[in-house]
Amino acid sequence: MKKQVAFILCIGVCLVYSFFKLDHWGNNISRGDSWGYISYLPATFIYHDLGNYTQTVDATRVHAPEFPDPLSDKYGLYKQHPVTGKMVVKYTSGVATLLAPFFFIVHAFISTTGGLADGYSEPYCLALGLGVICWVLIGLYFLTILLRRYFSKEVTIVTILTLVFATNLFYNTTLNSIMSHGLLFSLYSIYIFCIDTYYRNPTWERIIVIGCITGLITLVRMNE
């Protein structure tokens, strides 16, 4: 177990180094899909404008002046009801849900230190980007345990390293991280691990866990 943890932590160091080396995290939540996925957090807990997103959009434009109008952009907002005029984000709230702990930590820190607690400044971008890396490492940990049940240590190591550094997972963890892909990888890894564990020893508790993970996968990306 200790060797597996050490192995995953070594991968984590490489991912964090690449995250900073690629240097794409400074405004990674102010554009396109990323904005839609994360907008639930500042809209709910900072600006309290869920349903119209007026202040949320204004805060975004401070960091991304070229940010297109969400009312006319295909990645933006849609009218939910023709009478009330309430607006709804195109994306579901699963990504925001999984990254909420990292958002709350950095928001509490910035609020107490007198920083710009607007939900879109660099500390938020940093915290959420590192949050995705944490989730990917959790997924890799469970996948490593699962693979070791069926394959040798050497096969497991090669498989994990190939997944991390020779697939799109690397891109979606370090460069374009505030999306659904890295989080889905983690959830599916945990899901498959739980399915295998359930068939080894079926219990109602494990059924409930599998159901919850299935719900999270659906909430992160409805297509799944």
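Nothing in this text is a laboratory measurement; each read-out follows from the coordinates by a stated rule. All values reported here derive from a predicted model rather than from experimental measurement. When we count neighbours, we look across all protein chains shown, and the Cβ atoms used for this are built from the backbone with ideal geometry, even at glycine.
Any chance you could give the angle, 0 to 90 degrees and rounded to 10, that helix 122-150 forms with the longest Cα principal axis of the chain?
Approximately 20 degrees, to the nearest ten.
Calculate the dipole size of segment 2-220 relative to its Cα centre from +1 charges on Lys and Arg beta carbons and -1 charges on Asp and Glu beta carbons; express the result in debye to the nearest 20. Before the final figure, lay out each step's value.
Details: 14 positive and 12 negative charges, 159 e Å.
Result for segment 2-220 is approximately 760 debye, rounded to the nearest 20.
Hey, how many Å between the Cα centroid of segment 202-224 and the Cα centroid of segment 77-112?
22 Å
Taking Cα atoms, how many degrees apart are the long axis of helix 153-165 and the longest axis of the chain, rounded to 10 and kept between 0 and 90?
Approximately 20 degrees, to the nearest ten.
Going 7 Å from the Cα of Thr97 along its beta-carbon direction, which residues of segment 46-65 have the amide nitrogen within less than 19 Å of the resulting point?
50-51, by backbone N distance to the label point.
Over the chain, what per residue volume does the convex hull of the Cα atoms give, in whole Å³? Present the calculation step by step, with values, prior to reporting the outcome.
On the way: hull volume 33.2 nm³, N = 224.
Given the Cα convex hull of the chain, per-residue volume reads 148 Å³.
Any idea which of Ile110, Gly94, Val13 is furthest toward the positive side of the dipole for the chain, if Lys and Arg beta-carbons carry +1 and Asp and Glu beta-carbons -1?
Of the options given, the answer is Val13.
Note the count of lysine pairs whose C-alpha atoms are less than 30 angstrom apart in the chain, limited to pairs 8 or more residues apart or on different chains. Walk me through the numbers on the way to the answer.
Details: Lys2/Lys21; Lys2/Lys153; Lys3/Lys21; Lys3/Lys153; Lys74/Lys86; Lys74/Lys90; Lys79/Lys90.
Lysine pairs meeting the criterion: 7.
Determine, from the Cβ-Cβ distance of Val158 and Val5 and an R0 of 25 Å, the FRET efficiency 1/(1 + (r/R0)^6), rounded to the nearest 0.05.
Numbers: r = 19 Å, r/R0 = 0.75.
The calculated FRET efficiency here is 0.85.
Evaluate E = 1/(1 + (r/R0)^6) for Phe104 and Val62, where r is the Cβ-Cβ distance and R0 equals 35 Å; express this FRET efficiency to the nearest 0.05. Present the calculation step by step, with values, prior to reporting the outcome.
Working: r = 21 Å, r/R0 = 0.61.
Approximately 0.95, to the nearest 0.05.
Taking a point 7 angstrom from the Cα of Lys79 along the C-beta vector, which residues in segment 35-54 have backbone N less than 18 Å away?
Zone members listed by number: 51-54.
Based on the Cβ-Cβ distance of Asp196 and Cys14, what FRET efficiency does E = 1/(1 + (r/R0)^6) give at R0 = 30 Å, to the nearest 0.05? Don't skip to the end; give the middle numbers.
Working: r = 27 Å, r/R0 = 0.91.
Computed FRET efficiency for Asp196 and Cys14 comes out at 0.65.
Among 204-215, 50-61, 20-31, 130-141, what's the highest-first ranking by average C-beta atoms within 10 angstrom per residue?
In decreasing order of mean packing, 204-215, 50-61, 20-31, 130-141 become 130-141, 50-61, 20-31, 204-215.
Relative to the longest principal axis of the chain, what angle (0 to 90°, nearest 10) does the C-alpha long axis of helix 94-113 take?
70 degrees
Between Thr112 and Thr218, with labels modelled 7 Å along Cα→Cβ, what's the label distance in nm to one decimal, could you check?
3.8 nm
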